[in-house]
Amino acid sequence: MSDIRIGVLQFPGLNCEDETVRALGFAGLTGEIVRWNEPGSRLAEYAGFVVPGGFSYQDRVRAGAIASQSPLVEALAREVQGGKPALGICNGAQILVEAGLVPGDEPGRVDVAMARNRVEGRDGYNAQWVFVRRGETAPCFFTEELSEPFPVVIGHAEGRFVSREPGFLTRMQDRENRTLYYCTPDGDEATAYPWNPNGAMGALAGLHGLDGQVLAFMPHPERAAWLWQVPEDIVGPWGDRRRAAVGASIAAAEGPGLAVLGAFGRLQKVESV
Amino acid sequence: MSDLAFLVRGRSVDLVAMTAFNTFRDTLGLGDEIALLERDDVYVIENVDEGDAPAWIEACTDHQHWFNPNKHRFAAVLAHDGALEAVRTDGTWPHPWLRRLVQTDRPDLVASQRAIDDVLRAWLAVRPVDGHYAVPLLAWDLEDGLSPLPGGHWPDGQRVRLRGVLWTIVLRADSVDAASARAEELAVTRARRKGLLVHPHMQGYAPIGPALALEPATG
């Protein structure tokens, strides 16, 4: 395990922090949980951050709304504006969006919402495997190593990127902010359920801010960090790898989501502060 | 024809409103400014003949999963014609909106022929305090606000209906206008730590009339 320490921010109601720490460990990193009531100055110890999934504050008012107001998120904003990367997964993504860190064109301004899932054929909470691929030219810290569409799992009721700002999606695409989008197993943009699982505009699965240092990603890479987590019946190369894996070796085989978390491995260790 | 507004409030602590209030007070440091935050679910049924209102109220109280008399209180209020139409076309809600209380499970609200503002003050259960105002702000989902309400046993299944959340922010201010402006600033999310209750990228919102002054009775 490397000396690169990643702070995993925990707010009341989040429930994926342990899995995230374990997946970071599998990627060779040291993940440490930072609780919401710890001083924000502690974040200076870390090279990067993950805000994991769950239901912060029971999704009261809106998913991510209460946690986004916290002093710890204010401290996170200072750290990422100083150049450190941060990944928000599912509810963590909702928190980053509510905090105006994604897309973050103007510091702190909230330009996008995570609305309730709404796509023909499916409304409401949805947990399923989907395929995601990176925007061809999106310059994002977390997606540089991603070359092919990969399967990953979602589990959310409010994951649909929407914005009332005229031309928002076009602007995001022009500026290459469309970091990750839902696609078919062949890699074509998903235009309908089930490949677009929530009706997000532009099939957005992930949107980045601050020149690619911050990523709000609705699927759960930590639930696809090991190959054994991939369903045997999934199509495509990852399904082939899963079906071919036998014996004890599968326990140590990397899954498709690991590359997202493993991006932190390119960081330098933060010296003691 | 009128619109029928059906307000539903929990009999016990509203954890959503309490958490939002605590966030305003403690996290955002607005404890000297905000005195109370209340939340009602609002269901509005369009174009109800006033003579049919009791049947609609019975449908709301007896046949819908979003009202349980063991958990909730209700107030059914007639609103002016065209309210939903106004929301649909230009996003505003006409003033005055609420016109007359027609039924409630709170007898104290109907004990006398009170003005609708008094009824609203009493429903909100806010204590009169000099310099404080109650600002009711209605929020609704931009995409499904006008969809048919869930549930069954409606007298007429074809009506257009609205559902939303009525936030009432009680705050200290220098004037009615200042109270309304500040409440909207606090409610509508524009940036981190600026606005909490309504997300304008997916919700519509409108004040229901001017802020209510909460001055103690004199004499």
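Below is a table of values for the structure above.
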quantity	calculated
Residues satisfying the stated conditions in the stretch A:93-105, i.e. assigned to a loop (DSSP other than H, G, I, E, B), modelled with pLDDT of 95 or more and among the hydrophobic types (A, V, I, L, M, F, W, C)	A:99, A:101
Meets criteria (within 12 Å of another protein chain (Cβ to nearest Cβ) and not aliphatic (A, V, I, L, M)) for residue A:18	no
Among (1) closer than 20 Å to residue A:21 by Cβ; (2) at the interface with chain B (Cβ under 10 Å from one of its Cβ atoms); (3) of a type in the set (S, T, N, Q), the one test that residue A:91 misses	(2)
Filtered residue count, the stretch A:41-69, keeping only those that are closer than 15 Å to residue A:218 by Cβ and among the hydrophobic types (A, V, I, L, M, F, W, C)	4
Positions within the stretch A:139-178 being among the acidic types (Asp, Glu), within 14 Å of chain B (Cβ to nearest Cβ) and under 17 Å from the mean Cα position of the chain (by Cα), in sequence order	A:158
Filter pass, residue A:136 being over 15 Å from the mean Cα position of the chain (by Cα), of a type in the set (D, E, K, R), in a loop (DSSP other than H, G, I, E, B) and at the interface with chain B (Cβ under 9 Å from one of its Cβ atoms)	no
Members of the stretch B:7-33 that are touching a strand residue (DSSP E or B) at 6+ places or on another chain (Cβ under 8 Å) and more than 14 Å from chain A (Cβ to nearest Cβ)	B:7, B:8, B:9, B:11, B:32, B:33
Of all residues making up the stretch B:167-184, the number that are surrounded by fewer than 22 Cβ atoms within 10 Å (Cβ to Cβ), closer than 17 Å to residue B:138 by Cβ and either within 14 Å of chain A (Cβ to nearest Cβ) or touching a His at 6+ places or on another chain (Cβ under 7 Å) (or both)	0
Sole residue being within 17 Å of the chain's Cα centre (by Cα), closer than 30 Å to residue B:182 by Cβ and part of a helix (DSSP H, G or I), chosen from B:6, B:74, B:21	B:21
Among (1) buried (at least 21 other Cβ atoms within 10 Å of the Cβ); (2) over 22 Å from residue A:183 (Cα atoms) - the single one residue A:114 does not satisfy	(2)
Exclusive hit being in contact with a Phe, Trp or Tyr (Cβ under 7 Å, 6 or more places away or on another chain), modelled with pLDDT of 90 or more and more than 15 Å from residue A:152 (Cα to Cα), set A:244, A:251, A:205, A:263	A:263
Subset of the stretch A:32-49 [in contact (Cβ under 8 Å) with a residue 60 or more places away in the chain and among the aromatic types (Phe, Trp, Tyr)]	A:46
Count of the stretch B:23-61 residues which are of a type outside the set (Val, Ile, Thr) and touching a residue at least 60 places away in the same chain (Cβ under 8 Å)	19
Among the candidates A:127, A:86, residue that is within 17 Å of residue A:157 (Cβ to Cβ), more than 10 Å from chain B (Cβ to nearest Cβ) and of a type in the set (A, V, I, L, M, F, W, C)	A:127
Among the residues listed as A:44, A:67, the single one being of a type in the set (A, V, I, L, M) and within 14 Å of another protein chain (Cβ to nearest Cβ)	A:67
Hits in the stretch A:52-64 (condition: within 14 Å of chain B (Cβ to nearest Cβ), without any contact (Cβ under 8 Å) to a residue 60 or more places away in the chain and not aromatic (Phe, Trp, Tyr))	A:56, A:58, A:60, A:61, A:64
Tally, over the stretch A:178-215, of residues that are assigned to a strand (DSSP E or B) and among the charged types (D, E, K, R)	2
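The values are calculated or read from the model by the stated rules, or taken from the named source; none is laboratory data. Fair warning: this is a prediction, and the values are worked out from it, not measured in the lab. Cβ: placed from backbone, ideal geometry, glycine included. Neighbour counts: every protein chain shown.
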